Each structure stands twice: as C-alpha cells, then as structure tokens.
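No lab work stands behind these numbers, since they all come straight from the coordinates. Being a predicted model, the structure only gives us computed values, none of them experimental. All Cβ positions, glycine included, derive from the backbone under ideal geometry; neighbour counts span all protein chains shown.
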Amino acid sequence: MMKEKDQKVHSPTTAELIQEVAKQLESVPKEERRDFLRRGVAFSVGAAAALGAGSMTKLSAEECKVDPENLPPHVAKWGKAWGRDINTYPYGLPSKYESNVVRRIVPWLTADQKASVSFTPWQDLEGCIVPNGLHFVRCHGGVVDINPKEWRLMIHGLVERPVILTLEDLKRYPSVTKKYFFSCPANSAMEARGPGLNSLQVTHGMLSASEYTGVELKTILEDIGLKKEAKWMFSEGSDPASVGRSVPIEKVLDDAMLVYAMNGEALRPENGYPVRLLLPGWEGVLQTKWLRRLKFDDKAWWVREETTKYTELLPDGHAKMFNWVFESDSVITSPCPERGWEGRKPGPTKISGIAWSGRGKISHVDVTLDGGKTWHEAKITSEVLPKMITRFEFYFDWDGKPLLIGSRSTDETGYTQPTEQEILDAKGTEFIYHRNAIQMWEVKANGEVNNVQIRRA
Amino acid sequence: MSKFVVRNLTLAFGALALSASAVCAGETMAKKAHYTPADPNHYPYHGIVTDKQGRKINVDGSIVRETAVVHLKKGQLKLGKPASAEEIAGWNVDVRPDGKGLPPGKMTVEEGAEVFANNCAMCHGDFGEGVGKNPVLVGGKGTLTHQAKTGGDEGPEKTLGSYAPYIQPFFWYIKMAMPLPTPKKLTNDEVYGIIGYLLQLNEIQVDGKDIEDDTVIDAAFLKKVHLPNEKGFEYNDLRHPYSHGKRCMKDCVDMKKMKVMHIAIDATESITPPVKVPRYNCGKPIMNGEGFAAIEAPLPAPKGGGGDAAAASAYKSSCAGCHDSGAASAPVIGHKDEWAARIKQGEKTLYEHAIKGFNGMPPKGGNMSLSDDQVKAIVDYMVNKSK
C-alpha cells in the first residue's frame with residue numbers, strides 16, 4: 001500500500017521514504033503504531049514531496065534513461081498508473097526535467113550579492129513573456145520583504161492635493177493591463193571592450209518581459225491635480241538603497257504606471273513587491289521598486305544614478321545623460337553558446353530570436369549568415385506590440401559549413417540597430433550603458449557556437 | 001580561474017565591463033570635445049513634437065499612443081488621505097543640485113574624517129581609494145578620455161572628484177543608501193562631515209581656498225561647492241539618436257577589411273550555477289544545493305547560529321568585505337599570525353568585540369540584522385579557519 005501511494009506522489013524516492021517511515025516507526029510504541037501508520041500515510045505525501053523535490057537535483061539514471069519500452073508501439077509506463085495528487089504542489093513547479101532552467105549570476109562581478117544582478121536564461125525560454133521566477137534581478141541594496149499593510153505611497157510637491165495612498169487605495173483606481181519588455185541599461189555592457197563571456201544568458205540576460213497590471217499615473221494625477229509648473233517627478237524606493245531617479249513629466253503623462261501585478265500575480269519581492277513604478281521602454285533603474293514616494297517639481301534632481309552612474313562616457317571625455325530609452329535591439333537565442341548545434345546534420349535549419357525597441361513596435365528583423373555582408377528578412381512569429389519582446393524566425397538550408405550569424409532589428413520610427421563597429425565609432429569602449437550592437441555568434445562546422453565580434457581589421 | 005584572470009576581468013560593477021579583449025588600434029581615438037554642457041536649470045527637450053508623418057513623438061523619441069484615458073472629474077475619487085506637513089517632512093529628504101532640500105546640520109572636516117573611518121572606510125578605504133570591488137571615491141583626474149584598448153590598459157576612473165557633476169544631491173544619497181549594510185543611520189551632521197572629508201580628499205577648492213581640517217561643512221557651504229566635472233555632461237537628444245545603423249541588405253561590408261574577434265580570456269566557467277549544462281536535468285545537476293527543496297519545504301528557522309554553512313554564508317555577506325582583504329585593519333581570515341593573539345584573548349572577548357564593535361570593527365560588522373548568536377557562530381567559524 002505504501003508503495004502504491006508513493007508512486008502517486010513521486011517515483012524516485014520509494015526506498016528512501018520507506019526507510020524514513022521505518023526509522024520513525026521504531027521510536028513509536030507498539031500500541032500507537034497503527035495510528036502512526038494512518039497518520040504516516042498522510043505524512044508520507046508531504047515527506048515524499050519534500051524528498052522527491054530534494055532529489056530533483058540528482059535525477060536517477062532510471063529517470064534519465066530513454067526506455068524503448070516507453071516508445072511506440074509500446075504504451076508508456078506513465079500512462080499505466082495513477083499520477084500524483086493534483087495539488088501536491090499548491091503553488092506549482094516546473095517539470096523536474098527542467099530544473100536547469102534558472103537565473104544565474106557572475107560572482108566576481110560585484111563586491112557582494114546584495115548590490116548585484118542575476119540573469120534571465122533566454123537560451124531556454126520560448127515566447128515573449130518571462131516567467132516571474134526567471135525575471136532578471138538587479139538590486140542596489142538586496143531584496144526586501146514588505147508587509148503590504150505597511151506600504152504607503154506619498155505623492156507631494158507640485159500637486160494640488162498631497163496624499164498618502166495605501167495599496168487598497170491604489171487598487172481602487174481604474175487599472176490597465178499591458179505587456180512590456182523590461183531591461184537594465186547595462187544589458188550587454190560586458191561586451192563593450194570585446195566579446196565577454198560565452199553565454200547568451202550573461203550577454204543579454206538583463207532583459208525580461210511581462211504582462212503588468214496597475215494604474216496609469218495620469219489617472220492618479222487627474223484625481224489629485226498636477227500643477228502647471230511641474231516638469232519633473234522624483235521617484236524614491238523604500239528599500240535599503242532608496243534608489244531614486246528624475247522622470248520628465250512627458251513620460252509620466254504618457255504611459256507611466258504604478259504596477260502591483262505581473263503575469264497575473266502580485267509582484268515578486270525581487271521585482272519590488274508590493275508596488276513599483278513602470279516606465280515602458282525605459283531603463284530599469286528608473287522604475288523604482290518598493291516605491292514609497294513621488295514628488296513633483298520644476299527641475300530634475302541629478303542624483304547619483306543619473307550622473308556618476310547610468311551616463312554614457314564618450315571617448316572625448318564628456319558624457320551623455322538622461323539616456324532613458326532603449327533603442328531597437330535584438331539577439332538570436334537559438335542557436336547560442338549554451339545551446340549550439342552539436343550533433344546536428346546539415347539540411348533545413350531554423351534560427352530564432354527576440355527583438356525589442358523602447359520607442360515602439362518592431363517593424364523588421366533581418367538575419368545574416370555571413371557576418372553582416374548579406375542580410376535576409378526574418379519572419380515575425382509573435383504578436384507585434386509596442387515596447388515589447390517580438391519573436392522572429394529564419395529558415396534556411398545549412399550546408400554544414402561554419403557561419404557567422406547575427407540579427408538586426410528596425411523599429412517603426414525607422415531606427416535600425418547598429419553594428420559593433422558603428423557603436424565603437426560613435427561611443428568608444430567605455431560608455432557601458434545602452435549598448436545595442438548587433439550580436440554575432442560564430443557557428444563552427446561541429447555545431448559549437450561562440451560569442452564573437454566583427455571589427456575593422 | 002586564477003586571481004590574475006579574475007583581476008583582469010573585473011571592474012567595479014558600475015563599470016560592468018570586461019577589460020579582456022584587444023580593440024583594433026586607432027578606432028576610438030579621443031576626439032576633441034564639442035558639446036553643449038547640460039544645465040540643471042534648463043532641460044531643452046521638454047514637450048511632445050509632431051513628425052513628418054504626423055505622429056506625436058515624445059521626449060525619448062518614442063511614438064506617443066493615445067491610450068483610453070479614464071476621465072475623472074478632478075477630485076472625483078479623492079482616494080488616499082491628505083499627507084500632513086509632519087508626514088511630508090519625515091520623507092521629503094531629496095536634495096537638488098541647487099542645494100534645495102539640504103537640511104540643517106554641520107560638522108568639521110576633521111570630525112567627518114573620523115565618521116568616515118568608522119562607517120565608510122571598511123569598503124571605500126581610509127582615503128577613499130576603494131577596497132576590493134567597492135567604488136573608488138578619490139582621484140581619477142584626467143582619466144575620463146581613457147579607452148581600454150588592450151587587456152592591460154585601464155579605462156577611466158570615475159570618482160566624485162573626476163566625474164560627478166554636483167555634490168549636493170549626494171547628501172540625499174549618502175543619507176539614504178550608505179553605509180550599504182546599515183543605511184539611514186547617519187545623522188545630518190555626520191553626512192555633512194563625510195562630504196567635507198571627501199571634498200578635501202579630492203582637493204576641491206571653494207572660493208579659491210583649500211578645505212582645511214577645521215572647515216565647517218553645512219548647507220551654506222555646500223551650496224558654494226563646484227566640482228571639476230560640472231560641465232562634463234550633455235543631455236542626450238533622444239529624438240536624434242547618435243548611434244544607429246542602416247538597413248542595408250547586400251554587400252553591406254567588405255569582409256576583407258574586417259576581422260573576427262574571439263573571447264580573449266574565457267571566464268564563462270565562473271557563471272553560477274554553471275551555464276554549460278544540458279537544458280534537461282539528467283544526472284548533471286546545477287541547482288545550488290537547496291534548489292527546489294528550499295521552495296518546497298522551507299527549512300525551519302535556524303536555532304542559535306544556524307550551523308557552519310549558515311555561518312559561512314553570513315560571513316560572506318556581512319564580514320568578508322573587510323576580513324577577506326584586511327580593510328580597516330581587520331585581521332584576515334586564515335592568517336594564523338594575525339589571529340593568534342586575538343584567539344588568546346578568549347572567545348568571550350572576541351564575541352563582545354564582534355557584537356559591540358572594537359576599533360575599526362563596527363558592531364556586528366555593520367549588519368545589525370544579525371542576532372548575537374549568529375555573530376557568535378560567525379566568530380567561531382572565523383576562529384576555526386584561522387587556527
């Protein structure tokens with residue numbers, strides 16, 4: 001009976017579970033053993049889940065084997081017995097076979113893991129939305145947990161009615177739900193001096209995308225009244241780093257939002273629970289997490305994160321500031337260094353990737369196979385929404401010879417993504433932020449894929 | 001990966017760039033500076049304009065889309081409670097370049113140096129030189145045109161003295177965000193003192209005079225300060241991108257004039273968890289220890305110090321900043337000579353110093369969220385590593 005129950009729960013841990021129950025049984029007086037077993041069965045569901053989950057990091061040889069007995073014309077074994085209880089995982093988990101699909105870090109990049117960054121695994125993602133647990137995380141003072149009942153938002157300065165809002169208040173306003181990409185302006189920054197790490201996750205993993213729900217700031221400002229002289233908004237977080245930035249009023253009154261949900265559920269703590277500012281298409285660092293205050297004034301603040309950081313230092317020694325928007329960008333996600341074409345035979349082949357622009361919709365994506373000499377228009381394979389990830393694919397006959405592949409996007413304003421050399425000529429190597437150069441991958445004859453750049457000889 | 005490689009690959013995270021690779025000679029020669037310095041009193045790109053196709057273009061060059069505006073009669077919902085003057089005063093702490101927002105308070109530079117030594121030097125160094133990967137605050141003059149052209153060349157050194165345009169907004173930043181592990185504990189007086197010390201270290205003159213040890217720093221003084229790089233910034237005209245490509249389809253580049261540049265020093269293996277694993281988990285696990293188990297069945301809160309692994313992890317996040325490097329004269333973990341005399345004093349003394357602070361050691365290493373038991377467990381861990 002134990003065994004049957006166990007199979008429903010999780011296959012690999014039968015032996016461990018029985019041992020565990022037997023061990024506990026030893027310490028139970030004989031007269032209570034019957035009771036214990038009854039309880040034990042219930043207990044075993046939880047325990048098996050925990051043990052099974054723990055063992056996910058070590059899938060057994062049995063679980064990994066491709067058993068011909070499970071392939072046609074045979075009937076697969078998983079169809080021959082009950083599955084596990086439907087609510088074994090009340091929140092839900094990906095398949096145990098997908099447990100390598102996680103955020104990653106580069107430990108030496110930062111002094112600590114509080115003011116640091118983790119990267120989204122685009123090499124293993126499909127579609128345009130990034131699951132909440134895989135959204136990249138960039139923090140300046142670590143992740144904090146806020147009791148939503150203690151959350152307050154102060155709106156003051158050049159407004160007619162300075163207010164303090166609770167989360168309940170915010171949720172009573174008319175809301176909107178929209179899809180947008182979200183990126184750190186340092187996405188791809190490590191490539192500025194030459195190809196950095198051999199990993200799509202690191203080159204382009206400070207980029208994610210979600211469906212956001214919240215209230216447009218212009219709706220709230222209609223309610224409390226914005227004074228004419230207000231030209232700038234200061235947003236400030238309540239977290240240890242109290243990240244703050246200046247936002248021009250034009251953006252506030254266009255599509256800025258205060259969001260409390262992403263992809264249908266409350267924001268994750270890593271993304272600013274319970275409320276963050278959202279400025280579609282703009283630098284992540286402006287989109288204050290754990291928001292506590294919005295102040296309206298006639299001039300900008302020139303705070304650290306918009307002067308000594310997040311400014312583009314050019315070769316002549318002066319820097320561009322208030323860079324805000326992401327210009328058109330794209331990258332091939334398949335193949336990529338993590339997921340190459342090793343073992344693939346020449347023949348009909350598919351290249352796929354993502355494109356995005358902070359200025360509006362993507363209008364074209366082109367793909368090159370020869371390092372940028374010749375370009376071919378790719379097929380757009382997703383919805384095309386402004387300021388959102390757009391998917392593309394390109395199909396061709398691979399002759400099995402080495403390739404230099406890359407993608408190039410153009411947005412509806414007519415802006416086309418630049419080459420590495422064009423970026424170098426315009427910005428040098430020390431500008432760090434908003435690097436949207438065409439990303440080239442080298443595909444070797446054996447299918448290995450490497451991060452390369454094509455520069456003037 | 002060797003320390004040498006890590007050093008070569010690492011810049012402060014602010015820089016987030018690898019110095020690993022060679023750039024072709026001559027391609028990024030310093031050009032003569034030619035720009036209109038940004039003025040905090042005037043932002044020239046306000047407003048929405050109409051392009052040739054009749055589309056509305058926003059300050060950022062994006063196309064403005066009319067979204068269905070929910071028209072409220074002003075004050076119709078009247079949500080929220082009025083913010084009182086007292087409530088606003090408590091949170092209204094931002095400071096603009098013109099000094100608007102600077103609070104009352106003052107401190108001499110000499111006293112400021114003391115505050116800096118006790119609160120900032122553990123990461124920024126006694127003289128703002130930076131410890132480990134933490135930001136350098138002093139120096140860097142004349143380096144802004146440096147372009148890292150080879151693996152050996154350093155790029156620009158961006159500090160308060162060399163790069164920051166205005167010191168005044170830093171009052172808000174230091175007050176709210178520093179010191180990193182225990183922010184918002186400095187008094188207004190202390191922030192003035194720290195800023196004074198940093199200005200002195202950067203040899204900033206005010207009214208043509210050096211900043212002396214007994215110079216008193218307050219709001220009136222800060223309003224007179226001009227940093228050397230005040231005119232070093234230009235507003236980016238986002239409606240006219242300064243780097244862009246052409247949508248060329250054929251014969252776009254002469255490949256004979258180009259070269260393929262590969263990764264110079266490959267640090268890919270340092271990615272955590274390892275990146276070169278199969279997508280499907282089959283006997284090659286990449287989870288960091290707990291993995292799903294941690295999500296599934298949260299471990300009970302650790303009793304006492306929480307065991308060796310917990311102590312090691314707490315050490316890393318709260319103590320390693322100084323005790324890995326010897327910053328602020330901290331004994332380096334594993335250096336038996338430095339520890340022998342300390343260990344002799346007995347654990348009671350070590351615990352007390354660690355919990356209450358001692359010389360350059362801030363209470364609990366600056367992380368007041370640690371319990372006394374956790375601090376003791378970390379001390380035990382450090383002592384065991386240093387015997």
Cα-based Rg/(2.2 N^0.38 Å) for chain A, rounded to two decimals, is 1.16
Between B:Lys100 and B:Gln205, Cβ-based FRET efficiency (R0 25 Å, step 0.05) works out to 0.60
Taking r as the C-beta separation of B:Val332 and B:Glu212 and R0 as 35 Å, the FRET efficiency to the nearest 0.05 is 0.50
A student applying the Cα gyration tensor rule (rounded when a/c is under 1.5; otherwise prolate if a/b is larger than b/c, oblate if not) would label segment A:329-452 oblate
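First measure r as the distance between the Cβ atoms of A:Val75 and A:Tyr97, then evaluate 1/(1 + (r/R0)^6) with R0 = 22 Å and state the FRET efficiency to the nearest 0.05. Each step should come with its number before you reach the end.
Details: r = 21 Å, r/R0 = 0.93.
E between A:Val75 and A:Tyr97, to the nearest 0.05, is 0.60.
Where does the charge balance sit around A:Gly272 when Lys and Arg score +1, Asp and Glu -1, over other residues with C-beta under 13 Å from its C-beta? Present the calculation step by step, with values, prior to reporting the outcome.
On the way: positive: A:Arg138, A:Arg268, A:Arg276, A:Lys289, A:Arg292; negative: A:Asp145, A:Glu236, A:Asp239, A:Glu270.
Counting the neighbours of A:Gly272, the net charge comes to +1.
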For A:Lys361, the aspartates and glutamates lying under 12 Å Cα to Cα, once residues fewer than eight places off in the same chain are dropped, come out as A:Glu327, A:Asp329, A:Glu383, A:Asp411, A:Glu412
Here, A:Lys345 and A:Glu160, labelled 7 Å along Cα→Cβ, have an inter-label distance in nm of 7.4
Longest chain A segment clear of chymotrypsin sites (Phe, Trp or Tyr not before Pro) sitting in DSSP loops (not H, G, I, E or B) with at most 10 other Cβ atoms within 10 Å runs A:92-457
What one gets for segment B:307-385 as the Kirkwood radius, inverse of mean 1/r over different Cα pairs in Å, is 12.3
The exposure ranking of A:Ile332, B:Ile265, fewest beta-carbon neighbours within 10 Å first, is B:Ile265, A:Ile332
In nm, the gap between the two label points placed 7 Å beyond Cα toward Cβ at A:Arg172 and B:Lys276 is 5.9
Checked against a 25 Å limit on the C-alpha separation, the offending pairs among A:Lys114/B:Lys224; A:Lys227/A:Lys299; B:Lys133/B:Lys344; A:Lys178/A:Lys251; A:Lys427/B:Lys231 are A:Lys114/B:Lys224; B:Lys133/B:Lys344
Once the in-chain neighbours fewer than 8 apart are removed, the lysines whose Cα is under 27 Å from A:Lys65 read A:Lys3, A:Lys5, A:Lys8, A:Lys77, A:Lys80, A:Lys96, A:Lys345, B:Lys276, B:Lys284
So, with points 7 Å from each Cα along the Cβ direction, the B:Cys248-B:Ala117 label distance in nm works out to 6.2
